[in-house]
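A.B. asks: What follows is a single structure, and I will ask about it in a moment.
The values are calculated or read from the model by the stated rules, or taken from the named source; none is laboratory data. Computed from a prediction, not measured in an experiment: that's the story for all the values here. Glycine also receives a Cβ, built like all others from the backbone with ideal geometry; neighbour counts cover every protein chain displayed. The accessibility values were calculated without ligands, DNA or RNA, using every heavy atom of the protein model including side chains. Shrake-Rupley method; radii C 1.70, N 1.55, O 1.52, S 1.80 Å.
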Amino acid sequence: MDGSKNVNNLMTILMPLGMGIGCIIGIILGNTLQMSLLFSTTLGIIIGFAVSVIAYVIYSVKEKNIN
């Protein structure tokens, strides 16, 4: 029971954190590379979300193997 609570808490923290960091990176890259700010921000959010989902899947698989 505690393992599933930890995984749910991790998911609750990782998703918005990854999207926020991706948004910041997208804004910086958009200003640096002279891209459309909307495109680079959206791309950063999508990449941040994808990375956080991959991290969540890896962590949940490791958590299942431990139990």
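A.B. asks: Name the residues whose placed amide hydrogens come within less than 5 Å of the amide hydrogen of MET35, ignoring near sequence neighbours (fewer than 5 apart) on the same chain.
C.D. replies: Excluding prolines and chain starts, which carry no amide H, there are no hits.
A.B. asks: Treat the range 17-67 as a sphere of radius equal to its Kirkwood radius over Cα pairs and apply Stokes-Einstein at 20 °C in a medium of 1.002 mPa s; give the translational diffusion coefficient in µm²/s, rounded to a whole number.
C.D. replies: Working: Rh = 11.6 Å.
For the chosen part, D equals 185 µm²/s.
A.B. asks: Sticking with this structure for a sec: What part of the accessible area of the chain, given as a whole %, is carbon or sulfur when the probe is 1.4 angstrom?
C.D. replies: Ligands and nucleic acids excluded, carbon and sulfur give 73 percent.
A.B. asks: Working from Cα positions, state the angle (0 to 90°, nearest 10) between the long axis of helix 2-32 and the longest principal axis of the chain.
C.D. replies: Result, in degrees: 10.
A.B. asks: At R0 = 22 Å, how high is the FRET efficiency between LEU17 and THR42 if r is their beta carbon distance? Nearest 0.05 is fine. Working shown, then result.
C.D. replies: Values: r = 18 Å, r/R0 = 0.80.
The computed FRET efficiency comes out at 0.80.
A.B. asks: Per-residue counts of other Cβ atoms within 10 Å, averaged by peptide: what ranking do you get for 31-38, 53-60, 20-27, highest first? Could the numbers behind the result be given before it?
C.D. replies: On the way: 31-38: 10.1, 53-60: 13.9, 20-27: 17.2.
Top of the packing list down: 20-27, 53-60, 31-38.
A.B. asks: Okay, moving on. What angle, in degrees between 0 and 90 and rounded to the nearest 10, separates the Cα long axis of helix 37-66 from the longest principal axis of the Cα atoms of the chain?
C.D. replies: Between the helix axis and the principal axis of the chain, the angle is about 10 degrees.
A.B. asks: What whole-number value in Å² describes the accessible area per residue of the chain for a 1.4 Å probe? Let's see the in-between values first.
C.D. replies: Details: 4930 Å² over 67 residues.
With all protein chains present, the chain gives 74 Å² per residue.
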